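One structure is given here, and the rest of the page talks about it.
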Amino acid sequence: MARGRADDPDHGVELLWRAGDREPRQGLSLPRIVRAAVELADDEGLAGLSMRKVADRLGFTTMSLYRHVPGRGQLVDLMLDEVLGEHPQAPETGGWRARLEAVARHAWEIRKRHPWLAEVRGSRHVPGPNAVAHYDYMLSTLAGTALRPSEVIAVVGMVGRFVDAEALVLVETRREERRSGVSEEEWWGSRDSLYERLDRYPTLSHLWTAGGWDHPEDSFDFGLRRLLDGVEVLVRQRDEIRDEMCAECGGPLEPAPSGRPRVYCSRACQQRAYRRRRNG
């Protein structure tokens, strides 16, 4: 059975990695469809996104959109890459922490402008050039440290998931406010009968009377700093044993019985390092 374009993974990649496409002066085009879809999702959330609504916003028929993008899933991938292109020029100077923190804060600002990003769930979204460039830069912030390659990848993934988790809270709060017409502060402020029952919980009551909720910490700022504090401890630990780690994979090195100290843990790592240097 022939497979439609919506089910063709190669077609999705080609759409995302299109190079040098010129946007026509008039009529429908893929860039215009993607921009309209982003605007729609900004207004209504990802749940409100449909091919029909995008077509209505552009003044075209729904079927005309399918000549440019085969389905909603591919459109979401294109939208992701479009907004990730909003990242400003990444700083090339400074330590790993300053650079990683800067890119995390930029990602947070993008998610505040486009909260629907946090609603894109699952791991099977084809990355486009902007997404890969963003990920590559995040990896580069830690590549010069003594972290093992697997740890570099794990730290970047952890920071990314933290940003997404904070953004998801923002999405859910805004959704409830739109649905109910009541702000978060107003909703909690009208729960006096609940607060009257909290005296029986001593720790909660103590923190309440001590003003713990009077000036709450900014959850994103506090969480990001504490997260990076933990990474900094790991980086220092790895720095202390850098000479005992394989220069290629970061694994432990067995002491050399004599002569020069070992640099690689195995012949395979030595060959991989040689091939990488040879290939530039």
- Message: So if I check each of Arg191, Arg174, Arg179, which one is surrounded by 11 or more Cβ atoms within 10 Å (Cβ to Cβ) and closer than 28 Å to Glu119 by Cβ?
- Response: Arg174
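Residues checked against (1) in the same structural domain as Tyr264 (by TED's automatic domain parsing); (2) surrounded by 11 or more Cβ atoms within 10 Å (Cβ to Cβ); (3) under 29 Å from Glu44 (Cβ atoms):
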position	(1), (2), (3)
Val155	no, yes, no
Glu186	no, yes, yes
Thr203	no, no, no
Arg225	no, yes, no
Leu228	no, yes, no
Val235	no, yes, no
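Residue-by-condition table, conditions (1) assigned by TED's automatic domain parsing to the domain that holds Gly230; (2) modelled with pLDDT under 95; (3) buried (at least 16 other Cβ atoms within 10 Å of the Cβ); (4) of a type outside the set (Asp, Glu):
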| residue | (1), (2), (3), (4) |
| --- | --- |
| Val54 | no, no, yes, yes |
| Leu65 | no, yes, yes, yes |
| Val103 | yes, yes, yes, yes |
| Val132 | yes, yes, no, yes |
| Tyr135 | yes, yes, yes, yes |
- Just name the residue that is surrounded by the most Cβ atoms within 10 Å (Cβ to Cβ) out of those in the range 137-147 that are of a type in the set (Gly, Ala, Ser) and assigned to a helix (DSSP H, G or I). Ser140
- Item | Number of the exception - Gln74 against (1) farther than 19 Å from Val163 by Cα; (2) buried (at least 17 other Cβ atoms within 10 Å of the Cβ); (3) assigned by TED's automatic domain parsing to the domain that holds Gly157; (4) not small (Gly, Ala, Ser) | (3)
- Here are some conditions: (1) at pLDDT 90 or above; (2) surrounded by 14 or more Cβ atoms within 10 Å (Cβ to Cβ); (3) closer than 26 Å to Glu166 by Cβ. Gly48 meets all but one. Which one does it not meet? (2)
- Positions within the range 185-225 being farther than 30 Å from Arg161 by Cβ and of a type in the set (Phe, Trp, Tyr), in sequence order: Tyr195, Tyr201, Trp208
- Message: I'm checking my understanding of the structure. Among residues of the range 25-45 that are among the acidic types (Asp, Glu) and modelled with pLDDT under 95, which one is farthest from Glu119 (Cα to Cα)?
- Response: Asp43
- Message: I need the helices (runs of 4 or more DSSP H) fully contained in the range 148-204, keeping only those with at least 1 residues that are modelled with pLDDT of 90 or more, within 18 Å of Asp221 (Cα to Cα) and under 30 Å from the mean Cα position of the chain (by Cα).
- Response: 149-180
- Give me the pairs: first residue in the range 94-116 and under 21 Å from Arg175 (Cα atoms), second residue of a type outside the set (Ser, Thr, Tyr) and outside any helix (DSSP H, G or I), beta-carbon distance under 8 Å, and six or more apart or on different chains, which are they? Ala107/His87; Ile110/Glu86; Ile110/His87; Arg113/Glu86; Pro115/Gly45; Trp116/Gly45; Trp116/Leu49
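The values are calculated or read from the model by the stated rules, or taken from the named source; none is laboratory data. Computed from a predicted model, the values in this text were never measured in an experiment. For neighbour counting, all protein chains shown are included, and Cβ atoms are generated from backbone atoms with ideal geometry for every residue, glycine included.
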